[in-house]
Structure formats: structure tokens, C-alpha cells
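Written below as C-alpha cells is the structure these notes are about.
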Amino acid sequence: MKCKRCQIPAVVALPSHHTAFCKDCFLVFARRLVERAIKEHSMFTFDDRILVAISGGKDSLALSWQLKDLGYNIEGLHIDLGIPESSPIARAYAERFCTANEIPLHVIETAKLGLAMCDVKRRVKRPICSVCGQTKRYLFNKFAQENGFTVLATGHNLDDETSRLFANVMRWDVEFLSDQGPVMHAEKGFAKKVKPLFRLTEFETANLCFLAGIDYGYAPCPYSSKASFPIYKNLLADLEDIQPGRKIRFYDGFLKDGRQGFAPRGETSVDIQPCTTCGYPTSAGECGFCRLTALMNDEG
């Protein structure tokens, strides 16, 4: 198989795009998908200060590398979750990558906040993935707001976005369907959040890392075995094998034709107020992060 652009032997075949590329042309292809996402959805400009959520995995490192290569003003934030089996590995990859690519990296250790996830898991009754996600969202948003960043960028790829969309459709979760997309605008105390990799599949971000020489960590969270999103991701992967290109058409179709059907009608929006303890935007009086902190500080 030959590269579509330059006709030398290809190294990556992409059935969903009916094409294949050599190393250099694939990197051009990936860069253009990111540039297209940024431009079409007005994610940010070269004047923005962009905080990238860096886990140490392939997606966040691929995003950081690509934005740095494009010349954007980025810094990274890594949240050390205090999980003995995986957190030290993830943090080491994040730190090595940022040092090698001259990207300023900030680190928040949840253990220092009394919220090491290994301890939280023993105390809470809710699914730990839900609690962990809520904690990370709080810390990323708070850090971005308090340190003058105008945009928070995450490494969610097409597989992440379509599996979440599929799950929300299966539950008919109107609230989440109404605002799901690659951009969440800043409002009511929330930082602007963007997903520049949403047009790239997990396979494509993995190839981007391999061909760009990005050394990323793979240390699966020991608590994620009961997460539901991998089920939807696997179902969509099977469908993609049968119908190449189905995932991007599903997601693009939702953004163009489906999302507006779930938009709130009339005065139905949730009333967001500052948390009574920390000031974080919430609809519950005291935000989930502060309730979790209080639970973990309760010796009883």
C-alpha cells in the first residue's frame, strides 16, 4: 500500500478515511485534523493561555506535543491521584515529556489534600470513577481560574466522545446531550474547556505518539474495571470495523443535526450558585469536592 500524498510505501492504513500514509504525511494529516477542530469550533487563538490536562497517557501527551509544535502558549497540569499501582508511573511519564519538550508542568497531589484515591475508595459508597472524575474536574477548573488561563484543553479523542455520546443516548440523558461537544464555553465560574483531538481516533493518537517519538505511559487504573464507557467503546469499535467512518459520521451528525434537539426550552436551566464553602460553582449548596473533603476529614 502506498501513501496517498507522496506515493512512497505507507506505514499507517486508515480505513475510516479510505487512505494510508507514510510517517511524514501521517503527521501532516494529524496536524491538519487538530487545526481543523481548533478553527471550526473557535477553540482558542495564539493569544490565549492554554492549560493542558496532562495525565501521562498517549492522548494528553499527543495533544501537548501537537499544540506546542503549532506554536500555542501552553502549560500542563498533572493531578497525582495517589494510586500506588499507577500514579507514580503516570507522573513520571508526564514529567519526562514536559522536561524534554520545555513545557511548564504543574502538579497537584491529591494525597496532600487528604484525598488520595486509594483512601477515598475505602470511604465512599459511590463508584470511585465518578468520585475521581469529579475531583479532577474541580482541580483542573480551579487551577485554570486561579492562575489566569483562558482555556482548559483535554485529550479526549473520537473514541472517548462517541462512547460518551452513545452512553448518553442509551440513557436519554437530555442534560448531558444538550451540552456535549468539543467546546464548553466559560460561564458561571467554569473555565472554557476544549477537546482539540476529537476528530482523531484512539488508533490515530497512538500512531501519532509512535511516529513522533512520544514516550507515553500505559498504567491502567486498577479501579477502572467496572467502568461502563469501555463497553460502549468496544461496541462502537466493532461497528467501525464493519462500517469504516461510522464513528466520525455519528459524532459530526450529532453536532450538526442532533444536539439542538436537546437544547433547554424556556426556563429549565439549572440554578448555579457559588459553593457555600469554597465558592466553586454548584447547584447543591455545597459542592461535591467540599462534601468529599468533609467526609474524608471526618474521623467517625
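The values are calculated or read from the model by the stated rules, or taken from the named source; none is laboratory data. Just so it is clear, the structure is predicted and the values come from calculations on it, not from any experiment. Every residue, glycine as well, gets a Cβ built from its backbone with ideal geometry; the counts of neighbours run over all protein chains shown. Note: areas computed on protein heavy atoms with side chains; ligands, DNA, RNA excluded. Shrake-Rupley method; radii C 1.70, N 1.55, O 1.52, S 1.80 Å.
Rounded to the nearest 0.05, what FRET efficiency do ASN297 and VAL107 give with R0 = 22 Å and r taken as the Cβ-Cβ distance? Could you check? Show your work: numbers first, answer last.
Working: r = 23 Å, r/R0 = 1.03.
Result of the calculation: an efficiency of 0.45.
Probe radius 1.4 Å, ligands and nucleic acids left out: which of LYS4, LYS193 has the largest accessible area, and how do the rest follow?
Values: LYS4 130, LYS193 50 Å².
Of LYS4, LYS193, the descending order of accessible area is LYS4, LYS193.
Which of these, ALA90, ALA284, ALA219, has the largest mean-square fluctuation under a Gaussian network model of the chain (Cα springs below 10 Å)?
Ranking ALA90, ALA284, ALA219 by mean-square fluctuation puts ALA284 first.
Which lysines does LYS4 reach when only Cα atoms under 23 Å apart count, and residues fewer than 8 places away in its own chain are ignored?
LYS23, LYS247
State the percent of C-alpha pairs, over all pairs in the range 37-105, separated by a distance greater than 21 angstrom.
Across the range 37-105, Cα pairs with separations above 21 Å total 26 percent.
May I ask you to list the GluC sites (Glu not before Pro) in the range 102-173 that are in a DSSP loop and have at most 10 other Cβ atoms within 10 Å of their Cβ?
Answer by residue number: GLU102.
Using alpha carbons only, how many angstrom separate the centre of the range 1-22 from the centre of the range 104-146?
Using only Cα atoms, the two centres lie 42 Å from each other.
Considering only DSSP states other than H, G, I, E and B, which GluC sites (Glu not before Pro) in the range 22-87 qualify as loop sites with at most 13 other Cβ atoms within 10 Å?
On the way: sites: GLU35, GLU40, GLU75, GLU85; in loops: GLU85.
In loop regions of the range 22-87 (DSSP not H, G, I, E or B), the sparsely surrounded GluC sites (Glu not before Pro) are GLU85.
Counting only the heavy atoms of the protein chains, how much of THR276 is accessible to a 1.4 Å probe, in Å² to the nearest 10?
Approximately 110 Å² of THR276 is accessible to the 1.4 Å probe.
Counting only Cα atoms, I'd like the Rg/Rh figure for the chain, Kirkwood definition for Rh.
Across the chain, the Cα-based Rg/Rh ratio is 0.96.
Enumerate the aspartates and glutamates that LYS2 could reach by cross-link, defined here as Cα to Cα under 14 Å, with residues fewer than 8 away along the same chain left out.
ASP24
Using just the Cα positions, wrap the range 183-300 in a convex hull and report its mean projected area in square nanometres, one decimal place.
Over every viewing direction, the Cα hull of the range 183-300 projects on average to 12.1 nm².
At 7 Å along Cα-to-Cβ for each site, give me the label-to-label distance between GLN260 and GLU40 in nm.
1.7
Over the chain, what is the relative contact order in percent, taking alpha-carbon pairs closer than 8 angstrom and at least six residues apart?
Working: 448 pairs, mean separation 61.1, N = 300.
Value for the chain: 20 percent.
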